[in-house]
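Asks: I have a structure I would like to understand better, so I am pasting it below and will then ask my questions one at a time.
What follows is calculated from the coordinates using simple rules that are stated; it is not laboratory data. The structure presented is a predicted model; accordingly, all values stated were derived computationally and were not measured. Positions of Cβ are backbone-derived with ideal geometry, glycine not excepted, and every protein chain shown enters the neighbour counts.
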Ligand SMILES: C[S@@+](CC[C@H](N)C(=O)[O-])C[C@H]1O[C@@H](n2cnc3c(N)ncnc32)[C@H](O)[C@@H]1O
């Protein structure tokens, strides 16, 4: 007797988040096609409900353009550091399906951690991490924690926190207040990399952070073509594609 796995009926299959199905206009990013991971798709913030009080501040899920990520890392490494990169833990606050975590793990960080509020995205991210380990591309240990970024306890030791415009001002304020308390007396041990820095004013009004960089970072031609194709394929055309991102880098220099 042969045993065959029963294919699930469409009704029994868990529904994909809106924006992750082909019928929603999903176009796979070349990053996914090249590495066999799943980080493509655009999920509007209103579809990222988890029951958490911070849901309403969630912007959207969208994976970072690899060229923007790598250019940000180059900028950050040009800043003077008190300790070498292998002593820093990289924390992606709002990790989604983990594209930035995968890219960060290509650098020799002490560890790379992704914090994601939505359990479906966190589950997909964990699968991507497994694929990435098998490719041998990861130079750093990686993990995903499914929780609210503002409630996450920062790791001990030097830390670089990454934000790709994950949430609105109230969440960012709460997060910065907690991190400022934890890094009090540890000047130079916390850097923040902020891509698509819509809430830059929140950082400007937070005492103890010094801005090291403010400017636009351009996508590579290949990423610009890919992101334009993905965003113009959205059924409701809600998000626009640009060739650059407004970015900033901040350092915790302490309350004087
Ligand atoms: C623009 S995506 C960034 C994805 C990833 N960082 C990258 O660069 O590829 C923002 C992510 O932040 C998540 N998010 C929003 N609010 C959050 C919160 N309070 N805590 C943790 N994650 C949150 C969203 O679910 C979404 O996946």
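Asks: Assuming 0.890 mPa s and 25 °C, estimate D for segment 64-196 with Stokes-Einstein, Rh taken as the Kirkwood radius over Cα pairs, in µm²/s.
Replies: Translational diffusion coefficient: 165 µm²/s.
Asks: I would also like to ask the following. With both bridge residues required to lie in segment 128-256, what share of the DSSP beta bridges run antiparallel, to the nearest 5%?
Replies: Here the antiparallel bridges make up roughly 70 percent for segment 128-256.
Asks: Please figure out what share of the DSSP beta bridges in segment 42-194 is antiparallel and state it in percent, rounded to the nearest 5.
Replies: 15 percent
Asks: Restricting to Cα pairs below 8 Å that are 6+ residues apart, what does the relative contact order work out to for segment 102-223? Please round to a whole percent.
Replies: Here the relative contact order equals 23 percent.
Asks: Report the relative contact order of the chain, percent, no decimals, based on alpha-carbon pairs under 8 angstrom and at least 6 residues apart.
Replies: The normalised contact order for the chain reaches 19 percent.
Asks: Now for a different question. If the chain between residue 131 and residue 34 were fully stretched, how many nm would it gain, using 0.36 nm times the residue separation less the Cα-Cα distance?
Replies: Extra length available between residue 131 and residue 34 comes to 33.7 nm.
Asks: Go ahead and collect, in residue order, the members of segment 124-149 whose backbone nitrogen is under 16 Å from a label point 7 Å along the Cα-Cβ direction of residue 55.
Replies: Backbone N within reach: 147-149.
Asks: Give me 210, 39, 50 sorted ascending by neighbouring Cβ count inside 10 Å, so fewest comes first.
Replies: 210, 50, 39
Asks: Here is a further query. Any idea what log10 I(q)/I(0) is at q = 0.13, 0.14 Å⁻¹ for the chain, Debye with uniform C-alpha scatterers and no solvent?
Replies: -0.82, -0.95
Asks: In addition: For the chain, what proportion of DSSP beta bridges, expressed in % and rounded to the nearest 5, is antiparallel?
Replies: 45 percent
Asks: Separate question: Cα-based Rg (one decimal) and Dmax (whole number) for segment 72-129, in Å?
Replies: Cα radius of gyration and Dmax of segment 72-129 are 12.4, 38 Å respectively.
Asks: Give the order of 22, 160, 225 when sorted by the count of other beta carbons within 10 angstrom, beginning with the fewest.
Replies: Listing 22, 160, 225 from fewest to most nearby Cβ atoms yields 22, 225, 160.
Asks: With a cut-off of 8 Å between alpha carbons and a minimum separation of six or more residues, what is the relative contact order of segment 10-81 in percent?
Replies: Reported relative contact order: 22 percent.
Asks: Now, a different point. Which value at 222 nm does the chain reach when only helices count, each DSSP H run of 4 or more adding -39,500 (n - 2.57), with the total divided by all residues and rounded to the nearest 500 deg cm²/dmol?
Replies: Calculated at 222 nm, the ellipticity per residue is -8500 deg cm²/dmol.
Asks: With r as the distance between the Cβ atoms of residue 82 and residue 27 and R0 = 51 Å, compute the FRET efficiency 1/(1 + (r/R0)^6) and round to 0.05.
Replies: Given R0 = 51 Å and the Cβ-Cβ separation, E is 0.75.
Asks: While we're looking at this one, here's another question. Under the rule a/c < 1.5 gives rounded, and otherwise a/b versus b/c splits prolate from oblate, where does segment 28-109 land using the Cα gyration tensor?
Replies: Oblate.
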